[in-house]
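What follows is a short report on a single structure.
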Amino acid sequence: MDKGETDLATLLRCMVPVLHDQDHGFGLLAVGMAMPAGLAPFAIVAEAEGTTLIAPAADLARHGIAHRAGWARISLTVHSDLAAVGLTAAFATALARQGISANVVAGWHHDHIFVQRERAAEAMAALAALAGPEA
């Protein structure tokens, strides 16, 4: 399996944030509830209290899953290694300085940040500033 970038300066310079169009929601399946047929969440987090589903808000609503909608997904296109140090702290700090919450999901290749949809443009600007003038 390919290894991602670990150098923080390179990660920041090359992170190229991409804002996705779909509104996402965070839904919750109670303990013991099965995944509805046909629902394909972006992410699934199993916790003792239930299973969190991150999916397009329209899909959660269509399947009758109670959720908090209004989240935009920003993907950092740089291939960050899972063992890289400092990337999450750097972008979370940049967003926090603007009063923007950051809910982060790390995949094998990329980090994905969920921010309030109404703050997405501000989040993109903060991430672009963090990446530097070449971004």
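No value in this document is a laboratory result; all are computed from the given coordinates. Please read all numbers here as calculations on a predicted model, not as lab measurements. Note that we place each Cβ from the backbone using ideal geometry, even for glycine, and neighbour counts take in every protein chain shown.
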Scan around A43 for amide H atoms under 5 Å from its own, H built in the peptide plane at 1.01 Å from N, and keep only partners 5 or more places away or cross-chain.
I54
Alpha-carbon radius of gyration plus Dmax, which is the widest Cα pair, for the chain in Å:
15.8, 49
Would you mind counting up the charge near A55? Only other residues with Cβ under 13 Å from its Cβ, with Lys and Arg at +1 and Asp and Glu at -1.
+1
Suppose the chain between V18 and A89 were pulled fully straight at 0.36 nm per residue; how much longer would it get relative to their current alpha carbon spacing?
23.7 nm
Could you tell me the distance between the Cα centroids of the stretch 65-135 and the stretch 1-62, to the nearest Å?
13 Å
In whole Hz, the Karplus estimates of ³J(HN,Hα) for the stretch 24-29 (6.51, -1.76, 1.60; θ = phi - 60°; x where Gly or Pro) are 10, x, 10, x, 10, 9
In terms of modelled amide H atoms, which long-range or inter-chain residues lie less than 5 Å from the amide H of G70?
H24
Residue by residue through the stretch 32-40, the couplings from Karplus 6.51 cos²θ - 1.76 cosθ + 1.60 with θ = phi - 60°, in Hz, x for Gly and Pro, are x, 6, 7, 5, x, 4, x, 8, 10
How high is the relative contact order of the chain? Use alpha-carbon pairs under 8 Å, at least six apart in sequence, and give a whole percent.
31 percent
From the phi of every residue in the stretch 6-21, what ³J(HN,Hα) in whole Hz does the Karplus formula 6.51 cos²θ - 1.76 cosθ + 1.60 yield, where θ is phi - 60° and glycine or proline is x?
10, 6, 4, 4, 5, 4, 5, 5, 9, 5, 5, x, 10, 8, 8, 6
